[in-house]
Amino acid sequence: MEHEHVVTSELTDISNRMHALGRHIEDGHERQHWQKACEEIDTLLILIRQRIGERGSF
């Protein structure tokens, strides 16, 4: 398995777990912070996939 695939696979797993855990947060303020953290992980994953695509390795 290529390193790029390992990275994107791991980040996808982390993102999925964070989104799942976020559904259990009841406090609205805490939920907002959690959702922001999830968005940051998702954005990082998009940027990595774009970078890999630019290199033609994905």
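The values are calculated or read from the model by the stated rules, or taken from the named source; none is laboratory data. Small disclaimer: the values here were computed from a predicted structure and weren't measured. Cβ sites come from the backbone with ideal geometry, for glycine too, and all protein chains shown count toward neighbours. Side chains are part of the model used for accessible areas, which takes the heavy atoms of the whole protein and leaves out ligands, DNA and RNA. Shrake-Rupley method; radii C 1.70, N 1.55, O 1.52, S 1.80 Å.
The figures follow:
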item	result
Boolean, Ser15 is of a type outside the set (A, V, I, L, M, F, W, C), within 12 Å of the chain's Cα centre (by Cα), modelled with pLDDT of 90 or more and surrounded by 14 or more Cβ atoms within 10 Å (Cβ to Cβ)	yes
Filtered residues of the range 35-58 (kept if open to solvent by less than 70 Å² (accessible area, probe 1.4 Å) and touching a Gly at 6+ places or on another chain (Cβ under 7 Å))	Cys38
Counted residues, the range 18-34 - those being part of a helix (DSSP H, G or I) and either among the aromatic types (Phe, Trp, Tyr) or exposed (fewer than 14 other Cβ atoms within 10 Å of the Cβ) (or both)	8
